[in-house]
Amino acid sequence: MKAPQLFKTDAGRTIYSFPVRSFDTLINNIYVIDDGNDLILVDCGSGMPQTNDDLSAGFAALSETFGRALSLGDITTILITHGHIDHFGGLNYVRQHTDAPIGVHILDRRVLSNHEERVVFAYRRLETFLESAGVSAEQRERLMSVYLFAKTYYRSTPVQFLLEEGRPTVGGIEVYHVPGHCPGQVCLRVDDMMLTADHVLARITPHQAPESITHHMGLSHYLDSLVKLQQVVGDIRLGLGGHEDPNEDIRARIDAIRSAHNDRLAKVMDICREPKSIAEISRDLFGRVETYHVLLALEEAGAHVEYLHQRGELVAANLSEIEQISHPVVRYVRA
C-alpha cells in the first residue's frame, strides 16, 4: 500500500492521509484533519480485523513519517462521510480508543445507530429487487449471503451530532449533501480542498443502486448531486476521495463521470430494442463477473434501468403478466 501523505490547505491546516485494506480488493483512504486545536478523523474503514490493524498502523506511520505523535486516542471528533460499511464499520474498534463525538448526515444516521434494523430492511428490499430482475432462486440465495458478509461485524453505535449542509461543523468545515451513491453522502470542504468521499473518485465511476432498494439513492439523485458539486468547486485546489489518488480537477472529473453514465444509458437503450430483464441487461453490459461483483453489476444495471423507466424511455413489455402474478420478472423494452 501507499505511504502516508500530508496536504497543507491555504489556511495552514494539515490533512494527513493513509490507506487501509477494507476488504481484500478494496483500499480506503483515511483522513485526519489537524488544525492545531481539533484532530478530526474522517472515516475509519470496514471494521474487519485487517482493517483495524491497518488503522492503528496508519497512525503509527504518520508519527514516524511526519514526526507528529498521533494516535486514535488523540482524536477529538469523528466525521463519517456516508453509510457504507467500508467507511463506518471500524467505529466499534475506534470506540475502544476514544469517546470522541461521531457526526454523520441524518439520512445515514440509522445506518450507524440502528444498524441491525437497517440491514433487515435493506435485505428484504434487495431480495425483492433481485427477484423482479430475473435472478434465479439459487443465485439469489448466494447473492444475499454475499450481501450480508461483513455487515454482522458491526454493532450499532450512537451518533452524537449531525452533518448539515449550510451549517459548518467542527473546525468550520463546510458540508455539502450530495445523495445518490448513498443517501447521506457528504463532501467536506476544508479551506481550498474538498474531501469528496465516494461521490467523485479519480478513476472509477462510483457505484449506483436503484432507489427502490434504498431511498435517496439512484442515478437521478446522483447526477443532480454532480451538477450541484460542480457549481461550488471552482476555487478548490485538490479533491481527496475515499478511494484512489487525489484529484486536481474535480470539474473535469465530474464531466467524465456524467459522460460515462450517459454512455451506459445509451447502451441500455440499445440492449432493450428487445424485451430484457435486468439480469439479462446486466450480463449484456458487464459480461461475466464473479462473487460480489455480480451483485454490484445487477444494482448498477438496475439503477440505469430505473432512471430510464422513470422517464418513460423504457416501458414494461410484459404488463399483463405483471398484472396477473404476484412476483413477476419485469422485462423492459424501448418505448
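Label-to-label distance for residue 116 and residue 248 is 5.1 nm, based on points extended 7 Å past Cα in the beta-carbon direction.
Within a straight-line Cα-Cα reach of under 25 Å, residue 276 can be paired with the following lysines, leaving aside sequence neighbours fewer than 8 residues apart in one chain: 267.
Each residue of region 23-40 was assigned a 3J(HN,Hα) from its phi angle through the Karplus expression (A = 6.51, B = -1.76, C = 1.60, θ = phi - 60°), giving 9, 4, 10, 10, 9, 10, 8, 9, 10, 10, 9, 10, 10, x, 10, 9, 10, 10 Hz with x at Gly and Pro.
Modelled this way, with points 7 Å down the Cα-to-C-beta line, the labels at residue 207 and residue 227 are 2.7 nm from one another. The angle separating the long axis of helix 250-271 from the principal Cα axis of greatest extent in the chain is about 20 degrees.
Summing Lys and Arg as +1 and Asp and Glu as -1 over all other residues whose Cβ lies under 12 Å from the Cβ of residue 256 gives a net charge of +1. Annotation: for a label point projected 7 angstrom from Cα along Cα→Cβ of residue 37, residues of region 166-193 with backbone N closer than 16 Å are 168-174, 191.
Once the Cα atoms are used to define both axes, helix 219-230 deviates from the longest principal axis of the chain by about 40 degrees. Dipole size of region 59-173 about its Cα centre, with +1 on Lys/Arg Cβ and -1 on Asp/Glu Cβ: approximately 120 debye, rounded to the nearest 20. Here the 3J(HN,Hα) profile of region 155-161, calculated from phi with Karplus coefficients 6.51, -1.76 and 1.60 at θ = phi - 60°, is 10, 3, 10, x, 9, 8, 7 Hz, Gly and Pro shown as x. Scalar couplings 3J(HN,Hα) for region 2-19, obtained by applying the Karplus form with A = 6.51, B = -1.76, C = 1.60 to θ = phi - 60°, are 6, 5, x, 10, 10, 10, 10, 7, 5, 9, x, 7, 10, 10, 8, 9, 8, x Hz; x denotes Gly and Pro. By the Kirkwood approach, averaging reciprocal distances over each pair of separate Cα atoms, region 148-210 gets a hydrodynamic radius of 13.7 Å. Annotation: amide H of residue 202 within the under-5 Å range of 245, sequence separation 5 or more or interchain, hydrogens built in the peptide plane. Compared with the dominant Cα axis of the chain, that is its longest principal axis, helix 292-310 is turned about 70°.
Amide H contacts under 5 Å for residue 216: none, restricted to partners 5 or more places along the chain or on a different chain, H placed in the peptide plane at 1.01 Å from N. Computed per residue of the chain from DSSP H runs no shorter than four, each worth -39500 (n - 2.57), the mean residue ellipticity at 222 nm is -12000 deg cm²/dmol. Counted by neighbouring Cβ atoms within 10 Å, the residues 144, 1 run from fewest to most as 1, 144. Counting beta carbons within 10 Å around each of 214, 291, 205 and listing the fewest first gives the order 291, 205, 214. What shape does region 88-230 take by its C-alpha gyration tensor, where a ≥ b ≥ c are the square roots of the eigenvalues and a/c under 1.5 counts as rounded, a/b above b/c as prolate, and the rest as oblate? Oblate. Which aspartates and glutamates have a Cα less than 13 Å from the Cα of residue 2, not counting those fewer than 8 places away in the same chain? Leaving aside aspartates and glutamates fewer than 8 places away in the same chain, those within reach of residue 2 are 54, 244, 245. Remark on residue 30: its backbone amide H falls under 5 Å from those of 18, 20, a criterion applied only to residues 5 or more positions apart or on other chains, H modelled at 1.01 Å from N.
Using Stokes-Einstein with the Kirkwood hydrodynamic radius over Cα pairs, what translational diffusion coefficient do you get for region 1-92 at 25 °C and a viscosity of 0.890 mPa s, in µm²/s rounded to a whole number? After rounding, the answer is 187 µm²/s. Between 200, 289, 268, the GNM of the chain built on Cα springs shorter than 10 angstrom shows 289 fluctuating the most.
Full extension of the segment from residue 288 to residue 258, taken as 0.36 nm per residue of separation minus the current Cα-Cα distance, would add 8.3 nm.
Each reported figure results from applying straightforward, stated rules to the coordinates on display, with no laboratory input. Because the structure is a prediction, the values reported are computed rather than measured. Cβ sites come from the backbone with ideal geometry, for glycine too, and all protein chains shown count toward neighbours.
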